[in-house]
Amino acid sequence: MKNKTIGSLKMFGLSTYESMVYLSMTYMISGTATEISLNSNVPRTKIYDVLKSLSNKGFIEIERGRPLKYHIVPPSDVFRRYKQKLLDELEETEMNLNYAYESQLSKIPAPIWLIHGTDRIIKKRT
């Protein structure tokens with residue numbers, strides 16, 4: 001389950017470390033950088049960059065103080081926002097592709113047949 005969840009989080013554009021931290025924080029809810037580093041198995045040398053990146057992406061919030069405390073944004077909020085973003089992007093892409101496709105249809109010559117007589121019309125239909 002852990003690997004599948006990390007893979008799914010990567011589809012949102014998270015790195016492996018970001019995915020590991022977010023997954024770990026779903027069990028912790030909040031913590032310091034040291035606590036999060038220990039629970040997520042992300043090296044202490046990388047944890048601050050990872051936490052800052054997750055904050056910029058809207059996955060966690062930072063509480064000022066000494067030490068800084070990090071709180072997870074509820075998964076339902078994150079997923080709702082990312083699903084909507086994905087749907088918006090897909091709809092825009094579909095609209096752009098349909099526009100390009102339909103604008104080219106008028107440039108393709110349609111076949112025109114000149115058929116005289118009912119026998120030939122029936123023969124052409126079959």
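Please treat every number below as a calculation from the coordinates, not as lab data. None of these values were measured; they are calculated from a predicted model. Note: ideal-geometry Cβ built from the backbone for every residue, glycine included; neighbour counts use all protein chains shown.
Converting phi to 3J(HN,Hα) with the Karplus coefficients 6.51, -1.76 and 1.60 and the offset θ = phi - 60°, the range 49-66 yields 5, 5, 5, 5, 4, 4, 5, 4, 8, x, 8, 9, 10, 10, 9, 5, x, 10 Hz in sequence order, with x at every glycine or proline. Taking the C-alpha atoms only, the angle from helix 16-28 to the longest principal axis of the chain is near 60 degrees. Protection proxy ranking, highest mean first, for peptides 89-101, 63-75: 63-75, 89-101, where packing is the per-residue count of other beta-carbon atoms within 10 Å, averaged.
Using the rule -39500 (n - 2.57) for each DSSP H run of four or more residues, divided by the residues of the chain, the 222 nm mean residue ellipticity is -21000 deg cm²/dmol. Here the Gaussian network model covers the chain, with springs between Cα atoms less than 10 Å apart; of Ser24, Ser37, Ser106, Ser106 fluctuates the most. Compute the acute angle (0 to 90°) between the alpha-carbon long axis of helix 2-11 and the principal axis of greatest extent of the alpha-carbon atoms of the chain; round to the nearest 10°. On a 0 to 90 degree scale, this one is about 60.
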